[in-house]
Amino acid sequence: MPKSPPKPSPKSSPKSSVGVPVAGAPRARLKFVTSSPDLRGCPTDSRPEVALIGRSNSGKSSLLNGIAQERVAMISSTPGKTRLLNFFDAGPNYRYVDMPGYGWSARGGEEHHSWKPMIEGYLSSRANLVGLLLLMDVRRDWSDDEAAFVNWLKPRGLPLAVILTKTDKVTKSELQKKLREIQKDSGVNLLFPTSALKNLGFAELEDFVFKNWVKPALKGSR
């Protein structure tokens, strides 16, 4: 009797580590475009932009890599390496802008001080900007740095969401407590917990950004 054909081996389920596509992963694929020290070097098109700001060790590069599901931004062991405005296209419709971190940095005081006009110039004058993501390590408390930034931002009327990073470092109950504390202290209602280690929160964040910030801007530009 002829042998029956061998049964196909079951497909292995996708891993949930950054760099490997998983179910429910964001649609956009990120691609580095350019870096600039000021507005003059920014891309000249009208593509909507979402800016990332936070302390030097808040996890901005990890967030970009998590959204992209691959390594598009360098992760340094030394905080304060980002010195320019770094632009990453997210698919064909919009882009993310990684800005230098505030707070502690290994850079000299003079160079660190020069970042302020670059960041404030971009946030005040960039017509493409449709929203900001303020990143915080979940283990930190809301500080004067974050409060000063939010107060500076209020008159400009830009949408803001707080992203709590590295949530794998705390328990579920600790995370829920931190979410309540940050919402109370900051007055910001949009909070998104994420974890690069467990690849959590990136799809939800990207979906929110596109549907609520990018899509309306694209419709308004037509």
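The values are calculated or read from the model by the stated rules, or taken from the named source; none is laboratory data. All values reported here derive from a predicted model rather than from experimental measurement. Neighbour counts are summed over all protein chains in view; Cβ atoms, including those assigned to glycine, are modelled from backbone coordinates with ideal geometry.
Exactly one of these conditions fails for residue 211: (1) assigned to a helix (DSSP H, G or I); (2) buried (at least 20 other Cβ atoms within 10 Å of the Cβ). Give me its number.
The one condition residue 211 does not meet is (2).
Kindly establish whether residue 203 is closer than 17 Å to residue 54 by Cα, out of contact with any strand residue (DSSP E or B) (no Cβ under 7 Å at 6 or more places or on another chain), assigned to a helix (DSSP H, G or I) and of a type in the set (Gly, Ala, Ser).
When the stated conditions are applied, residue 203 does not pass them.
Working only within the stretch 48-99, note down all residues that are over 20 Å from residue 126 (Cβ atoms), polar (S, T, N, Q), buried (at least 20 other Cβ atoms within 10 Å of the Cβ) and modelled with pLDDT under 85.
Residues satisfying the conditions are 56, 57.
Go through (1) without any contact (Cβ under 8 Å) to a residue 12 or more places away in the chain; (2) assigned to a helix (DSSP H, G or I) one by one and return the number of the condition residue 182 breaks.
Condition not satisfied by residue 182: (1).
Which of (1) surrounded by fewer than 14 Cβ atoms within 10 Å (Cβ to Cβ); (2) more than 22 Å from residue 69 (Cα to Cα) does residue 217 not meet, given it meets every other one?
(1)
Which numbered condition in (1) of a type outside the set (Gly, Ala, Ser); (2) over 21 Å from residue 100 (Cα atoms); (3) out of contact with any Phe, Trp or Tyr (no Cβ under 7 Å at 6 or more places or on another chain) is the only one that residue 182 fails?
So residue 182 meets the others, but not (3).
What residue, among those in the stretch 115-143 that are free of Cβ contacts under 8 Å to residues at least 40 places away in the same chain and of a type in the set (Gly, Ala, Ser), is surrounded by the most Cβ atoms within 10 Å (Cβ to Cβ)?
124
Is the stretch 175-188 home to any residue that is within 27 Å of residue 120 (Cβ to Cβ) and among the hydrophobic types (A, V, I, L, M, F, W, C)?
Yes, the stretch 175-188 contains at least one residue that is within 27 Å of residue 120 (Cβ to Cβ) and among the hydrophobic types (A, V, I, L, M, F, W, C).
Restricting the stretch 154-168 to residues that are part of a helix (DSSP H, G or I) and closer than 22 Å to residue 206 by Cα, which is farthest from the chain's Cα centre (by Cα)?
168
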